[in-house]
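To start, the structure under review is shown below, and the notes come after it.
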Amino acid sequence: MIDINPGLMIWTIVTFVVLLIVLKAFAWKPLIQALQSREKEITDALQSAEQAKKDAERMIAENKLAMEKANQETAKLIAESRVVAEQLKHDVLSKANDSAKKMLEQAKDEIEREKESALLQLRTEVADLAVNVAEKILDESLDSPKQKKLVDKVIQQLPKN
Amino acid sequence: MLFSEKVTEQTAQAVSDTLHHSIADSTVTASAIEGREENLFTELLHHIHDGNEIELPFLGHVHLPQFELFGIDLSITKHVVFLWIAALLLIITLSIVAQKNKKNKVPKGFGNLIEVFVQFVRDEIVIANMGKAGLGYLPYLLTTFFFILTMNLLGLIPYGASATGNVSVTGGLAIIAFIMIQVSAIRAQGLGHYLAHLTGGVHWSLWPIMIPIEILGLFTKPFALCIRLFANMTGGHVVILALIGLIFVFKSILIAPLSVGFALAINLLEIFVAFLQAYIFTMLTALFMGLGVQAASHGEEHH
């Protein structure tokens, strides 16, 4: 068990050297290459995944920002348009009120004027009529100034309308 | 070398003596079956010993060719056959795995298992002990690891034998490790620095003491590698065979469940030891190579 056998030693060394040469060419080179290329691929994939994650995060942040901006814009627009509408409504209403008032005023004025002229016309008409009637009744018994006085009195007693 | 050889020889003698003793004590009529015991013990060791024949299922014992070359016995022994079986197994399976793994982006099954080991040797043994500079020695260390592992495991299958349970085989591996350790140190430090390191950096008057010690130090590391692997692989087999042998020693079938149970447990342990010893041999080789490689960067401090 213990005795050294030089022949066996030589066979061991020869076998080992041949094995080393053969395995180096046919096994270790492709195995190590496959290992290294896969490691590289995995590292690359991890890196690109990291990059993609960062990009996605950035895009999400950007989107969020844009959305917020849009929301603010909308809110502002709505508020502005509300103010404009309010203003418009106010304007239209006041304009309408004004024109209505004006029309009313005009109508009142017109009525007043018509009434004045009608009254005037009536006054002259009534005076003439009264004179005619009085002439006929008194038959020139009264002089003209007295007549006038009387007529005025009658007119005064007439209702305004 | 000579001294430790003697020691190991003595130890082996002592072990065999005690084994004989216990066998003698446990048998009822010791003298009557002395011959059988002798048989049993040689039968036990026969499974561990190298030999000029191999056992095959159905074919029985097959004799192997024997020849000498330049006065050296280069016979094809049992362990040489198992060296070759291990080498062939590795070449065939690893080439197939390498081709498959090159095609598959995601290795599956056995290919994945092999890759795990390759990656482990690369990251945990080579880079951990030698740094990135050691990657050039990766094929050597991978071959060492897989070769030793396969030889260890071959001893656990029926009709198999562990070539690593032979001190000549582990000695051969240690010689290669010794050469690789020196080559890597010389390549990293340069021959001048390498030789300067042998002086230990002490005053020249102490060189006659220092240089022999340093040179001896170079040999102890691979020598320890050789003996560690050999002893671990042999020890496990001896324990299993001794446990099975108990059945024949006690001549009782009642002892069989106990023996088989213990032998099974030791077998499972042996699977672990097969991996562990392959790892330790490779790891220590890388560590010793790493010492030389790293000494290159500290070289200036010593001189």
*For region A:38-53, indicate whether the set of residues that are facing another protein chain (nearest Cβ under 8 Å) and under 30 Å from B:Val169 (Cα atoms) is non-empty.*
no
*Inspect all residues belonging to region B:29-52 and state whether any of them is touching a strand residue (DSSP E or B) at 6+ places or on another chain (Cβ under 6 Å) and at pLDDT below 75.*
no
*So which of B:Ile127, B:Ile148, B:Ile157 ends up being over 30 Å from B:Leu264 (Cα atoms) and among the aliphatic types (A, V, I, L, M)?*
B:Ile127
*Specify which of the listed residues (B:Ala185, B:Ala231) is in a helix (DSSP H, G or I), among the small types (Gly, Ala, Ser) and in contact (Cβ under 8 Å) with a residue 12 or more places away in the chain.*
B:Ala185
*How many residues are closer than 14 Å to B:Val116 by Cβ and among the small types (Gly, Ala, Ser) if we restrict to region A:25-39?*
1
*asked:* Against the condition touching a Ser or Thr at 6+ places or on another chain (Cβ under 6 Å) and of a type in the set (A, V, I, L, M), how does B:Met210 come out, does it pass?
replied: yes
*Can you run down the residue pairs with Cβ atoms below 7 Å, 6 or more apart or on separate chains, where the first is in region A:101-129 and closer than 26 Å to A:Lys149 by Cα and the partner is outside any helix (DSSP H, G or I) and hydrophobic (A, V, I, L, M, F, W, C)?*
A:Val126/A:Leu158
*Any idea which of (1) out of contact with any helix residue (DSSP H, G or I) (no Cβ under 7 Å at 6 or more places or on another chain); (2) of a type outside the set (A, V, I, L, M); (3) over 19 Å from B:Ala163 (Cα atoms) is the one B:Phe272 doesn't satisfy?*
(3)
*Would you pick out the residues in region B:158-192 that are modelled with pLDDT of 85 or more and either hydroxyl-bearing (Ser, Thr, Tyr) or closer than 21 Å to B:Ile114 by Cα (or both)?*
B:Ser168, B:Thr170, B:Ser184
_Unmet criterion (only one of (1) facing chain A (nearest Cβ under 9 Å); (2) over 17 Å from A:Leu19 (Cβ atoms); (3) touching a residue at least 40 places away in the same chain (Cβ under 8 Å)) for B:Leu173_ = (2)
*Please work out if B:Ile179 is farther than 29 Å from B:Gly217 by Cβ, surrounded by fewer than 19 Cβ atoms within 10 Å (Cβ to Cβ) and without any contact (Cβ under 8 Å) to a residue 24 or more places away in the chain.*
no
_Out of the residues in region B:124-146 meeting the condition of being facing chain A (nearest Cβ under 10 Å) and either aromatic (Phe, Trp, Tyr) or surrounded by fewer than 17 Cβ atoms within 10 Å (Cβ to Cβ) (or both), tell me which one is farthest from the chain's Cα centre (by Cα)._
B:Leu135
*Test each condition in (1) more than 30 Å from the chain's Cα centre (by Cα); (2) without any contact (Cβ under 8 Å) to a residue 24 or more places away in the chain for B:Ile211 and report the one that comes out false.*
(1)
*Give the number of residues within region B:67-114 that are of a type in the set (Val, Ile, Thr), outside any helix (DSSP H, G or I) and surrounded by fewer than 16 Cβ atoms within 10 Å (Cβ to Cβ).*
2
*Considering residues of region B:85-120 that are touching a residue at least 12 places away in the same chain (Cβ under 8 Å) and over 22 Å from the mean Cα position of the chain (by Cα) only, the residue farthest from the other protein chains (Cβ to nearest Cβ)*: B:Phe110
*Checking B:Met210 against (1) surrounded by fewer than 16 Cβ atoms within 10 Å (Cβ to Cβ); (2) farther than 26 Å from B:Thr77 by Cβ; (3) not acidic (Asp, Glu), which test does it fail?*
(1)
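The values are calculated or read from the model by the stated rules, or taken from the named source; none is laboratory data. Predicted model only: the values in this text are computed from it and were never measured. Virtual Cβ from ideal backbone geometry, glycine too; neighbours counted across all protein chains shown.
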